Amino acid sequence: MEALIYLDTHVLGWLYSGETRLLSPRARRSIEQSPLRVSPMVVLELEFLKEIGRLTVGGSAIIESLRAHIGIEVCDLSFQKIVASAREVTWTRDPFDRVIVGHAIAAGCALLTKDRSIRRRFREAVW
């Protein structure tokens, strides 16, 4: 079994909608072989995407479904610790990305993301 890995928001959306063809082979292997976590910020971003009409289902429903199907869990690190790490992520103005990357840093884990900007700047980002 591989080390714990965090998932970015778009990865959860694709998993929930069954669009696994959008995942890289490495991403699929990581999902199959690693314990999976998400930041609560991912849940909030999914809710936001529902509110603006980009999703039809909110974050809580997506998490509950993926918890039942693949065992994903929402991480419960302290918000103070996450914000301390996120303060160092000065290369983005996107609050969701900043906290999600900060959460992976605080946990000392990789972040599975297709986002090129994150992958260029966060060396623990994988795709």
> Which residues, taken from segment 112-123, are farther than 12 Å from Leu7 by Cα and surrounded by fewer than 21 Cβ atoms within 10 Å (Cβ to Cβ)?
Replying inline: Arg116, Ser117, Arg119, Arg120, Arg121, Arg123
> So which residues in segment 71-91 are over 17 Å from Ser34 (Cβ atoms) and crowded, with 17+ Cβ neighbours inside 10 Å?
Replying inline: Ile82, Ser85, Ala86, Val89
> Restricting segment 1-17 to residues that are modelled with pLDDT of 95 or more and not in a helix (DSSP H, G or I), which is nearest to His103 (Cα to Cα)?
Replying inline: Tyr6
>> Please return the ranges of helices (runs of 4 or more DSSP H) entirely within segment 22-127 where 2 or more residues are among the acidic types (Asp, Glu) and without any contact (Cβ under 8 Å) to a residue 40 or more places away in the chain.
In response: 40-51
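The values are calculated or read from the model by the stated rules, or taken from the named source; none is laboratory data. The structure presented is a predicted model; accordingly, all values stated were derived computationally and were not measured. Reconstructed Cβ throughout: ideal geometry from the backbone, glycine too, with neighbour counts over all protein chains shown.
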